[in-house]
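Participant: This structure is in structure tokens; I'll ask about it shortly.
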Amino acid sequence: MFVHKEQLEYQLAPADYSSDAAHRAELEHLLLPAWHPLALTDDFPTDGSFRTYELLGQPVLMRRDGGVIRAYLNVCSHRHCLLTEVPHGHSETLACQYHGWEYAPNGRVSRVPDGGCFRPFDRENARLRTFEVETCGSLVFVRLRPGGDGLRATLGADFDRIDRGFARPYACNWTYDRQFDCNWKIPVENTVETYHLPWIHPQTLGGFGLIPEEAQKHYLRDRSTTLVYELDTASEPVRTQRRVVRWLGGPATHDHYIHLHVFPNLVFTFTDLFIYAQVYLPVTPTQSRTLAWMFSLDGTRRNPFARVIARLAARHGARSNEAIQREDASVFAAQQRGLAASPFRGCIGTREERIWCFHDHIRRACGRSPGT
């Protein structure tokens, strides 16, 4: 059931999707203090494994040392060069590609070639800038601005569900990394409403039609919203899912589709067979990027039949999700262009009330009046 019984007013204005001022305010108040998943623990299999990223305009280097994954601003304190431009790899030391300055795991300078040239040397102020790193299941999160709640407090009561879901007996079988010609809020709004399903997903999800209100529940909280959709246990897809879970020796089935949006930009989806994590990041006021991971049930059984079923299920989930992402993205640029020209205030139906909560969170965090 929906919480609201009448349509809701827009809390944001069209200019909030393109203005530099809105972009800067959202970075400052929402995104820099937030936790962002960037990788999986399996991306760092051994000490010395590293990966580089661009996060909210900052170059980030993540590296494993002593079994611990750490994150740094990917900039040398000597002459400001990127430590490395390699997307991923292995290195024996944390060193700059330009002049070979080396750093300890805590960011402190450990070796300077021909160090006598730099007397007197202030090691403390030459430290690399470090960022906070926490994990939940196999997901590795980074926060660019220190302070505030830890990851467990941020995810709240959903932390344990996420921790269980992104770990054995589930395994990652699909990753996604795309840029869109639209503000980051547009794909977030798309994923938290089901109103568009018959029109944007006529083949992949169109069979659901407009999901009846009585078949779904909205939970609206200060930091998150959740959709719980009770699947039709008599339908063939649900019966097939139950059989596959049983063949793979998976946990007890619940026959629910759960969609969680943790403000501002984290989305998690849970079914008995597939679990997804997705983050939406601004690049510019009118460009955005998404990263996503799909975990499918790998199961506890290792017989040949179970191995074949696990592979087929993973392949089906990856193909379906790739198609759904592509269909959603087909309207993002049109939405951005429409916002730039729109003379309308807009309206939000009760079926879209999770968008209203998202808008209200942004408005309150950034100190905006409704619709301004």
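The values are calculated or read from the model by the stated rules, or taken from the named source; none is laboratory data. Since the model is a prediction, treat every value here as computed from it, not as a measurement. FYI the Cβ positions are ideal-geometry reconstructions off the backbone, even for glycines, and counts take in every protein chain you see.
Participant: Among the residues of the range 74-99, how many are under 23 Å from F44 (Cβ atoms), surrounded by 11 or more Cβ atoms within 10 Å (Cβ to Cβ) and more than 29 Å from the chain's Cα centre (by Cα)? Reasoning before the result, please.
Facilitator: Narrowing the range 74-99 to residues under 23 Å from F44 (Cβ atoms): 74-76, 82-97.
Applying the additional criterion that residues be surrounded by 11 or more Cβ atoms within 10 Å (Cβ to Cβ) yields 74-76, 82-84, 86, 88-91, 93-97.
If we keep only those that are more than 29 Å from the chain's Cα centre (by Cα) as well, we get 93, 95-97.
Count: 4.
Participant: Checking the structure you have, find out if any residue of the range 128-135 is surrounded by fewer than 18 Cβ atoms within 10 Å (Cβ to Cβ), part of a strand (DSSP E or B) and among the charged types (D, E, K, R).
Facilitator: Checked the range 128-135: at least one residue is surrounded by fewer than 18 Cβ atoms within 10 Å (Cβ to Cβ), part of a strand (DSSP E or B) and among the charged types (D, E, K, R).
Participant: In the range 50-73, how many are under 22 Å from the mean Cα position of the chain (by Cα) and either loosely packed, with under 15 Cβ neighbours inside 10 Å or of a type in the set (S, T, N, Q) (or both)?
Facilitator: 5
Participant: Also, I was wondering about something else. When you scan the range 1-86 for strands (runs of 3 or more DSSP E) that lie fully inside it, which ones turn up with 2 or more residues that are among the aromatic types (F, W, Y)?
Facilitator: Values: elements: 36-40, 49-55, 58-65, 68-73.
Of the strands (runs of 3 or more DSSP E) lying wholly inside the range 1-86, those with at least 2 residues that are among the aromatic types (F, W, Y) span 49-55.
Participant: Looking only at residues in the range 210-237 that are charged (D, E, K, R) and assigned to a helix (DSSP H, G or I), which one is surrounded by the most Cβ atoms within 10 Å (Cβ to Cβ)?
Facilitator: In the first step, residues of the range 210-237 are kept if they are charged (D, E, K, R); the result is 213-214, 217, 221-223, 230, 232, 236.
Cutting the leftovers down to assigned to a helix (DSSP H, G or I) gives us 213-214, 236.
Numbers: E213: 12, E214: 8, E236: 8.
The selected residue is E213.
Participant: Considering (1) without any contact (Cβ under 8 Å) to a residue 24 or more places away in the chain; (2) in contact with a strand residue (DSSP E or B) (Cβ under 8 Å, 6 or more places away or on another chain); (3) outside any loop (DSSP other than H, G, I, E, B), say which one D177 fails and leave the rest.
Facilitator: Of (1) without any contact (Cβ under 8 Å) to a residue 24 or more places away in the chain; (2) in contact with a strand residue (DSSP E or B) (Cβ under 8 Å, 6 or more places away or on another chain); (3) outside any loop (DSSP other than H, G, I, E, B), only one is false for D177: (1).
Participant: Now a separate question. Of the residues that make up the range 324-335, is at least one in the same structural domain as L12 (by TED's automatic domain parsing), free of Cβ contacts under 8 Å to residues at least 60 places away in the same chain and closer than 30 Å to L32 by Cβ? Working first, answer last.
Facilitator: Let us first name the residues in the range 324-335 that are in the same structural domain as L12 (by TED's automatic domain parsing), namely 324-335.
Filter once more, keeping what is free of Cβ contacts under 8 Å to residues at least 60 places away in the same chain: 326, 334.
Checking which are closer than 30 Å to L32 by Cβ leaves us with 334.
Checked the range 324-335: at least one residue is in the same structural domain as L12 (by TED's automatic domain parsing), free of Cβ contacts under 8 Å to residues at least 60 places away in the same chain and closer than 30 Å to L32 by Cβ.
Participant: If a residue counts only when it is surrounded by 12 or more Cβ atoms within 10 Å (Cβ to Cβ) and among the basic types (K, R), which helices (runs of 4 or more DSSP H) contained entirely in the range 296-372 have at least 3 such residues? Can you show your working first?
Facilitator: Numbers: elements: 304-329, 332-341, 353-366.
Helices (runs of 4 or more DSSP H) meeting the threshold: 304-329, 353-366.
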